[in-house]
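Here, each number is a calculation from the coordinates, and none is a lab measurement. On a predicted model such as this, the values are computed, not experimentally measured, just so you know. Note: ideal-geometry Cβ built from the backbone for every residue, glycine included; neighbour counts use all protein chains shown.
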Amino acid sequence: MCGRYTLHTRDRIELKELRSASLPFIPRYNIAPTQDVVAIADFGSGLETRLITWGLIPSWSTDGKGFINARAETLEERPSFNESFRLRRCLIPANGFFEWKRSGREKRPFYFQSHDESAFAFAGVWDTWKVQNRLITTCAIITTPANDLVGELHDRMPAILPAEFYDAWLNPRTTRVELLRMLQPFPASLMKTHPVSSRVNSTENDSADLLFRVDAEVGQTLSLF
């Protein structure tokens, strides 16, 4: 799954819509569900960068329940996502994401990023939901089976798209077969990870030091492998 991620730079990423966005860019080191996140899509007037809410609420929802992740394998089967997959796809830029490793009663966070620390984009879907005469635009991050690196901690990981797929992912004419082929586990050889402070567990913490390597905290000794 993907439950926390970062976006703290918009350089070294092949997304011109992000680099040229008029939105004020605020580095974020602990992005969590229900918060506003940066997304790139055609929201009705051509490709643009917007802040939308993380947690997709289908337009037909009666209870406003949001879904933060959508499994690649069941996108076409789930009523919550099938129309958005066909008609409303987005890119969600990121620098990395967090996952937790359980050791006894403890869960220790690890930070995953590209091997050269460059930014990338998650594959996502979006929708709009009307509440009290107001439209809310929301999104979900698509997940795939984990690669060997992430698989040491969890059986799922966010769908990271290679840069050469960005245009096709956002193109409404791309076929469903081509789209599904893009949703593969990102190669473990192109990623790296390290343990970080448990301070990331609290969404109130959002600072650059959350990404510092912390091999062991007081009373803990833990290795990834």
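Annotation: peptides 45-57, 134-146, ranked by per-residue average of other Cβ atoms within 10 Å with the highest first, follow the order 134-146, 45-57. For region 103-144, evaluate the Debye formula with one uniform point scatterer on each Cα (no solvent term) and list log10 I(q)/I(0) at q = 0.26 Å⁻¹, rounded to two decimals. Log10 I(q)/I(0), no solvent term: -0.95. Determine, at each q value in 0.12, 0.18, 0.22 (inverse angstroms), the log₁₀ of I(q)/I(0) that the Debye formula gives when each Cα of region 15-98 is one equal point scatterer. So the normalised log intensities are -0.40, -0.90, -1.25.
Across region 1-115, C-alpha contacts under 8 Å between residues 6 or more apart give a mean separation that, scaled by the residue count, equals a relative contact order of 28 percent.
Could you compute the net charge surrounding residue 171? Neighbours are other residues with a C-beta less than 12 Å from the C-beta of residue 171; K and R count +1, D and E count -1. So the surrounding residues net to -1.
Computed 3J(HN,Hα) for region 103-114, one whole-Hz value per residue from the Karplus formula 6.51 cos²θ - 1.76 cosθ + 1.60 where θ = phi - 60°, is 9, x, 8, 9, 10, 10, x, 10, 9, 10, 8, 5, glycine and proline marked x.
Computed from point charges on the beta carbon alone (+1 for Lys and Arg, -1 for Asp and Glu), the dipole magnitude for region 5-200 about its Cα centre is near 500 Debye. Identify, among 72, 31, 57, the residue whose Cα sits farthest towards the positive end of the charge dipole of region 27-78, taking +1 on the Cβ of Lys and Arg and -1 on the Cβ of Asp and Glu, with the dipole about the Cα centre. Result: 31. Among 185, 24, 172, which one moves the most in a GNM of the chain with springs linking Cα atoms closer than 10 Å? Sorting by GNM fluctuation, first place goes to 24.
Over the chain, dividing the summed -39,500 (n - 2.57) contributions of all DSSP H runs of at least 4 residues by the number of residues returns a 222 nm mean residue ellipticity of -2000 deg cm²/dmol.
Counted by neighbouring Cβ atoms within 10 Å, the residues 130, 101 run from fewest to most as 130, 101. Evaluating 6.51 cos²θ - 1.76 cosθ + 1.60 at θ = phi - 60° for every residue in region 52-59, the Karplus couplings come out as 10, 8, 7, x, 5, 10, x, 4 Hz, glycine and proline recorded as x. Computed over the chain, relative contact order equals 22 percent, with contacts defined as Cα pairs under 8 Å that lie 6+ residues apart.
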